[in-house]
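The next block holds one structure in the form of structure tokens; read it before the comments.
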2 protein chains.
Amino acid sequence: MVTVAQTKPAHKPQPDLDDVALAEVLQALADPVRLEIVRQVGACPDSDPLSCGQLELSVSKSTGSHHLKILHQAGITSERERGTRKFISLRRAELERRFPGVLDSVLRSAA
Amino acid sequence: MVTVAQTKPAHKPQPDLDDVALAEVLQALADPVRLEIVRQVGACPDSDPLSCGQLELSVSKSTGSHHLKILHQAGITSERERGTRKFISLRRAELERRFPGVLDSVLRSAA
């Protein structure tokens, strides 16, 4: 028997946006806390993504994690771990290809 | 005592869009049946709105009415009664002023 060391992937598996329905993306965005997360993450350049600890939310850390999970599962955010920090970014270009204008217009209205 | 005859208003009272939050509009749109209603209604010119009976939905009449109520309460649709028929239209211009691009981009992606 060969035991293979498990290594933690640096990128959390994320859904293929072709498998995500418009209603699912809208559902994920349809919450004040998640809109606030998307707004704060969207305000950062891709080259300098926001780490979880930098998010300023009015909810507990566990509630924040729950909302981050919903955004990730709907294909709205991408999460990368570097050392002990988790960085969040928007899958802006992919979302724009799949649902043109939706994320951008929501970001403008949520600003 | 004076009795005043109650007349049914031709326009159902609708919310002021300034009182409707972005999350509420997204929540109302975040459902496959409601997206389909919005798509069908949006395909009709304002001068020739769709009547309820013309909507082709895969759900029962009562379920359809429930979804229409949610869209109306979120300020997405306007309902007018003419005789025995109820006509549905989108509050497109008002939504565009309040949440620029949101409804239009959703309509494009739902097409």
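The values are calculated or read from the model by the stated rules, or taken from the named source; none is laboratory data. Everything quoted here is computed from the prediction, not taken from an experiment. Note that each Cβ is placed from the backbone with ideal geometry, even for glycine, and that neighbours are counted across all protein chains shown. Heads up: the accessible areas ignore ligands, DNA and RNA and are worked out on the full protein's heavy atoms, side chains in. Shrake-Rupley method; radii C 1.70, N 1.55, O 1.52, S 1.80 Å.
If you filter region A:14-29 down to residues that are over 14 Å from the mean Cα position of the chain (by Cα) and small (Gly, Ala, Ser), you find that the one that is least open to solvent (accessible area, probe 1.4 Å) is A:23.
For every residue, the table says whether it meets (1) within 14 Å of chain A (Cβ to nearest Cβ); (2) open to solvent by 80 Å² or more (accessible area, probe 1.4 Å); (3) in a helix (DSSP H, G or I); (4) closer than 26 Å to residue A:31 by Cα.
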position: B:36; (1), (2), (3), (4): yes, no, yes, yes
position: B:41; (1), (2), (3), (4): no, no, yes, yes
position: B:48; (1), (2), (3), (4): no, yes, no, no
position: B:69; (1), (2), (3), (4): no, yes, yes, yes
position: B:75; (1), (2), (3), (4): yes, no, no, yes
position: B:79; (1), (2), (3), (4): no, no, no, no
position: B:107; (1), (2), (3), (4): yes, no, yes, yes
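For region A:22-33, the criterion of being outside any helix (DSSP H, G or I) and at pLDDT 95 or above is satisfied by at least one residue. Selection of first residues in region A:23-52 that are on the phi > 0 side of the Ramachandran plot and of a type in the set (D, E, K, R) and of second residues that are surrounded by 21 or more Cβ atoms within 10 Å (Cβ to Cβ) and not in a helix (DSSP H, G or I), restricted to Cβ pairs under 7 Å at least 6 apart or on distinct chains, gives an empty result. Scanning region B:50-67 for residues that are part of a helix (DSSP H, G or I) and among the small types (Gly, Ala, Ser) returns B:53, B:62, B:64, B:65. From the list B:94, B:79, B:36, the lone residue that is under 11 Å from the mean Cα position of the chain (by Cα) and within 28 Å of residue A:109 (Cα to Cα) is B:79.
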